[in-house]
Amino acid sequence: MYNFAMAFILCCLVYLIGDWVSMLTRAWVPSVFVTAVVCLLGFWTGLVPTDIVSKSALIPFGSSIGIFLLLVHMGTIISLKQLAEQWKTIVICVMGLVGMCLFSWFLAKPIIGRDYVIAGLPPLTGGIVAATTMRDAAEAAGLKSAALFAIAMYCVQGFAGYPLTAICLQFEGKKLLTEYRAKGGEIDKNAVAKANKLEEGTAAKTRKKKLIPAIPEKWNGPVMIFVRMGIVAWLATQMGTVKIPGTGFAISGAVWALLFGVLATTIGFLDVNSLNKANSYGIIMFALMMYIFDGLKDASPADIGAVIVPMLVLIVIGVAGMALFIYVTAKLLKVDFPLALANGLTALYGFPPNAIITENTCKALGETKEEFDYLMSETYPSMIVGGFTTVTITSVIIAGIFANLF
């Protein structure tokens with residue numbers, strides 16, 4: 001009775017449990033953490049076969065073309081105009097990640113070891129792509145514990161990011177409301193309208209004439225979208241093999257896939273929000289997530305216990321470095337530190353938790369719709385761009401660099 005179809009069903013069920021718990025807790029308990037725990041308990045007790053991901057055939061897809069399609073897709077949802085408008089947020093987030101990397105490398109490395117820092121830092125600075133990249137690199141180097149560390153870091157980092165972000169937004173929101181009420185409730189209507197329209201992956205880019213004309217809708221079906229994304233992904237894989245002259249170092253194909261995705265969308269070769277337009281984002285993300293959790297199948301309770309303390313050390317030191325660098329940068333740019341730190345902390349969870357936490361905080365603080373709109377206008381745009389900067393862009397670049405350090 002146990003075949004590829006049953007394995008697929010089991011993959012869906014463990015994934016759904018994580019989603020349900022996340023929804024019931026309003027995203028305070030990360031879905032990836034719950035799914036990872038369910039997988040581990042299932043593997044250890046024998047209730048979940050250890051080969052469910054490979055048996056369901058999700059591994060070859062998720063670990064190869066799936067991840068490159070997702071990277072190209074990320075490039076199709078980045079709005080350069082929105083990034084330009086929030087340049088201070090970008091500078092703050094980048095400097096925060098610099099601080100996280102420096103503190104982790106020089107302070108955490110002597111405590112937990114070089115391999116753990118290399119494997120765990122990119123997932124700490126971003127999301128699933130960074131975690132996948134570091135897991136694969138560690139396994140290729142024969143470092144089983146480091147590969148497990150990368151997955152574990154990805155699964156638990158949100159527990160540090162969620163409460164800290166909520167606290168920062170609470171401080172910022174109360175300050176903004178005090179100023180707003182002191183002005184008698186005056187509000188910038190244009191800012192509110194802009195905040196309400198700003199949403200990752202769905203914000204429409206300015207309609208300008210592009211170098212490559214759009215394909216008529218009747219000819220632009222899912223397979224046509226896949227062909228063009230596949231071409232961009234293939235070019236990225238080829239560039240990933242080209243070494244920089246005199247260094248012997250090659251920029252990861254993952255980085256090229258993201259950059260080429262942005263460029264191809266800008267000139268009109270790719271559609272904005274390509275995977276969603278092809279109605280395929282869900283299955284690709286599902287395959288990639290299950291590929292990540294497959295890395296837990298050989299992890300024993302002792303293995304998990306061995307990485308808990310190094311994980312806590314890296315998170316504490318990394319976030320401390322981020323906070324210090326963001327504090328200095330925020331002072332120089334004249335940006336409120338609580339909001340600046342909240343922007344940087346998006347590295348620990350990304351989208352959509354950044355949007356959910358921001359909206360929930362604004363709802364809790366605003367006593368009227370006008371106050372809610374004002375708080376959203378002042379916090380939501382920078383929180384969304386923060387997620388773009390940390391998870392979607394910078395973490396992929398960091399992972400591409402660190403994958404060569406084992």
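Springs between alpha-carbon atoms under 10 Å, Gaussian network over the chain: tell me which of GLY42, GLY386, GLY18 tops the mean-square fluctuations. With Cα springs under 10 Å in the chain, the top fluctuation among GLY42, GLY386, GLY18 is at GLY42. Of the residues PRO222, PRO122, PRO353, which exhibits the maximal mean-square fluctuation in a Gaussian network model of the chain defined by a 10 Å Cα contact cut-off? Top of the fluctuation ranking is PRO222.
In a reduced charge model with +1 at each Lys and Arg Cβ and -1 at each Asp and Glu Cβ, the chain shows a dipole moment near 900 debye about its Cα centre. Note: relative contact order over the chain, using C-alpha pairs below 8 Å and six or more positions apart, is 34 percent. For the stretch 87-191, the residue among ALA160, ALA108, ALA182 whose Cα projects farthest onto the positive side of the dipole built from Cβ charges is ALA182.
Full extension of the chain segment joining THR368 with ILE304 gains 18.4 nm, where the gain is 0.36 nm per residue of separation less the Cα-Cα distance.
Considering only MET229, MET285, MET74, give the residue with the highest GNM mean-square fluctuation for the chain, with springs between Cα atoms whenever their separation is below 10 Å. Of MET229, MET285, MET74, the most mobile in the Gaussian network model is MET285.
Within straight-line reach of LYS210, meaning a Cα separation under 17 Å, sit the following aspartates and glutamates at least 8 residues removed in sequence or on another chain: ASP271. Taking the Cα centre of the chain as the origin and placing charges on Cβ (Lys, Arg +1; Asp, Glu -1), which of PHE402, PRO216, ALA306 is farthest toward the positive end of the dipole? The one lying farthest along the dipole's positive direction is PRO216. By the count of neighbouring beta-carbon atoms within 10 Å, fewest first, MET376, MET134 end up ordered MET376, MET134. Here LEU102 and ASP19 are evaluated by their C-beta separation; at R0 = 35 Å the FRET efficiency comes out at 0.45. Taking a ≥ b ≥ c as the square roots of the Cα gyration tensor eigenvalues, the stretch 1-136 comes out prolate, since a/c reaches at least 1.5 and a/b is larger than b/c.
Between MET224 and LYS81, the FRET efficiency from the beta-carbon distance, with R0 = 25 Å, is close to 0.40. Pairs to check: LYS81/LYS218; LYS183/LYS363; LYS243/LYS297; LYS81/LYS109; LYS55/LYS277. Give those whose C-alpha atoms are more than 27 Å from each other in this structure. Listed pairs above 27 Å: LYS81/LYS218; LYS243/LYS297; LYS81/LYS109; LYS55/LYS277. Annotation: amide H-H contacts under 5 Å for ALA250 (H modelled 1.01 Å from N, sequence separation of 5 or more, or interchain): ILE244. For a paramagnetic label modelled on ARG181 (point 7 Å from Cα along Cα→Cβ), amide N atoms under 17 Å away belong, within the stretch 364-395, to 364-376. Among (i) 27, 62, 11, 0; (ii) 28, 52, 18, 2, 0; (iii) 27, 58, 15, 0, only one was calculated for this model; which label is it, if the read-out is P(r) over Cα pairs in 20 Å bins from 0, in percent? Given (i) 27, 62, 11, 0; (ii) 28, 52, 18, 2, 0; (iii) 27, 58, 15, 0, the calculated one carries the label (iii). Computed extension gain for THR45 through ASN3, at 0.36 nm per residue and net of the alpha carbon distance, reaches 13.1 nm.
Where a number appears in this text, it was derived from the coordinates with a stated rule and is not lab data. Small disclaimer: the values here were computed from a predicted structure and weren't measured. Note: ideal-geometry Cβ built from the backbone for every residue, glycine included; neighbour counts use all protein chains shown.
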